[in-house]
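The values are calculated or read from the model by the stated rules, or taken from the named source; none is laboratory data. These numbers were taken from a predicted model, which means no experiment stands behind them. Here the Cβ is made from the backbone with ideal geometry for all residues, glycine too, and neighbour counts use every protein chain on show. For accessibility, only protein heavy atoms count, side chains too; no ligands or nucleic acids. Shrake-Rupley method; radii C 1.70, N 1.55, O 1.52, S 1.80 Å.
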Amino acid sequence: MNGMLEAITAQGSSVLGPAWPVVWTLAKIVAVLLPLLVCVAYLTYWERRLPPRSSSS
Amino acid sequence: MKEVVTPTASSRVLYFIGPVMTIMPAMAAWAVIPFGPDVVLANVNAGLLLLLAITSLEVYGVIIAGWASNSKYAFLGALRASAQMVSYELAIGFALVVVLLVSGSLNLTDIVESQGRGWGAELGLNFLSWNWLPLLPIFVVYIISGVAETNRHPFDVVEGESEIVAGHMVEYSGMGFAVFFLAEYANMILISCMASIMFLGGWYAPIGLLSFIPGWIWLGIKTFLVVSCFIWFRASFPRYRYDQIMRLGWKIFIPVTLVWLVVVAIWMQTPLNIWK
């Protein structure tokens, strides 16, 4: 895992130069927030579906 | 009501800032959440303090939204919501101070790693070393205060079909309303993730034999279980009255956490200290 991250960092900094830290930070933020928003969406959906189903059975 | 409708007499700038101020802390707080020993956006030494500081900003979004709507219902709803959030933030704060006391660090990674030590972990029964067991009253207070802090059922008196309708959100429609809604659920997930980190061992597997499963999956499972409790509470319990909510926060939870803080502090000075 660490080896893969180091390879990405080395490749990214060689391609993007001084812009790489900004791009890498934004990528990490997206990596955290995207799954969070998906979880929020499915949690909302699940809450609307589960309690009515359990109360009707 | 998919269209964004702005009330004529509202304060337009503040009206749009309100929802943003509500969802922004719920998103920003994830910067210090550790998903593994080295998997964290910002490994801040005072991570717990930063988290409390960021999440406490959320109440401003509620107040701004209620005031800027220029509606009696929205304003009364905002007053109710903000009073409730501030009250339960104190109980949550004191509960986290107890965790801070036993962990000896404000760094969230250190707090999780301190739960990976102890006689339970040595036997391969990691879950017996987590904070939920020795700090059970605090864990219960944290979970219930978390439900109240997020204004969720049975503490959702900020909404009331027969009196203040949708509370501080009553004048919002379209994406403005959706952002408030998203913020509520994002906060639920954040509070649940915090409960997993503070009391349920974070990324650690409950049994040593299951340690081959990646830590972030364990953190996800624990967070999911706590979030499920939020849904279960909503489906099971009747709504509290507003004065009962405030009494529970100020007269029961805050004294309980303060007393338990002293008990744990004394416990740590005895030979029976389990957090060495």
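Say whether the condition of being within 20 Å of the chain's Cα centre (by Cα) and more than 21 Å from B:Thr150 (Cβ to Cβ) is met by at least one residue in region B:227-241.
Within region B:227-241, not a single residue is within 20 Å of the chain's Cα centre (by Cα) and more than 21 Å from B:Thr150 (Cβ to Cβ).
Quick one: which of B:Val165, B:Val141, B:Val157 is surrounded by 22 or more Cβ atoms within 10 Å (Cβ to Cβ) and modelled with pLDDT under 85?
B:Val157
Residue check, B:Glu122 against (1) acidic (Asp, Glu); (2) surrounded by 20 or more Cβ atoms within 10 Å (Cβ to Cβ); (3) without any contact (Cβ under 8 Å) to a residue 12 or more places away in the chain, all met but one. Which one?
With (1) acidic (Asp, Glu); (2) surrounded by 20 or more Cβ atoms within 10 Å (Cβ to Cβ); (3) without any contact (Cβ under 8 Å) to a residue 12 or more places away in the chain applied to B:Glu122, the lone miss is (2).
Specify the residue that is farthest from B:His153 (Cα to Cα); the eligible residues are those in region B:219-250 that are of a type in the set (Val, Ile, Thr) and within 14 Å of chain A (Cβ to nearest Cβ).
B:Ile221
Can you confirm whether B:Trp250 is touching a residue at least 24 places away in the same chain (Cβ under 8 Å), more than 19 Å from the chain's Cα centre (by Cα) and either over 15 Å from B:Arg152 (Cβ atoms) or crowded, with 18+ Cβ neighbours inside 10 Å (or both)?
no
Go through region B:209-218 and report how many residues are within 12 Å of chain A (Cβ to nearest Cβ) and open to solvent by 90 Å² or more (accessible area, probe 1.4 Å).
1
Within region B:196-208, can one find any residue that is open to solvent by less than 20 Å² (accessible area, probe 1.4 Å) and over 22 Å from B:Ile54 (Cβ atoms)?
Checking region B:196-208: at least one residue is open to solvent by less than 20 Å² (accessible area, probe 1.4 Å) and over 22 Å from B:Ile54 (Cβ atoms).
Mind checking which helices (runs of 4 or more DSSP H) fall wholly inside region B:39-136 and carry at least 2 residues that are at pLDDT 90 or above?
Once the helices (runs of 4 or more DSSP H) in region B:39-136 are filtered for at least 2 residues that are at pLDDT 90 or above, what remains is B:47-55, B:58-68, B:72-103, B:108-114.
Output the qualifying pairs, or none if there are none: Cβ atoms under 8 angstrom, residues six or more apart or on different chains, first residue in region B:208-237 and in contact (Cβ under 8 Å) with a residue 12 or more places away in the chain, second residue among the basic types (Lys, Arg) and open to solvent by less than 60 Å² (accessible area, probe 1.4 Å).
Between residues of region B:208-237 that are in contact (Cβ under 8 Å) with a residue 12 or more places away in the chain and residues that are among the basic types (Lys, Arg) and open to solvent by less than 60 Å² (accessible area, probe 1.4 Å), the close pairs are B:Phe230/B:Arg152; B:Phe233/B:Arg152; B:Arg234/B:Arg152.
Conditions tested, residue by residue: (1) at positive phi; (2) buried (at least 23 other Cβ atoms within 10 Å of the Cβ).
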residue: B:Leu57; (1), (2): no, no
residue: B:Gly61; (1), (2): no, yes
residue: B:Trp67; (1), (2): no, no
residue: B:Asn70; (1), (2): yes, no
residue: B:Gln84; (1), (2): no, yes
residue: B:Ser103; (1), (2): no, no
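Within region B:165-208, which residues are aliphatic (A, V, I, L, M) and within 13 Å of another protein chain (Cβ to nearest Cβ)?
Across region B:165-208, the qualifying residues are B:Ala178, B:Val179, B:Leu182, B:Ala183, B:Ala186, B:Met188, B:Ile189, B:Leu190, B:Ile191.
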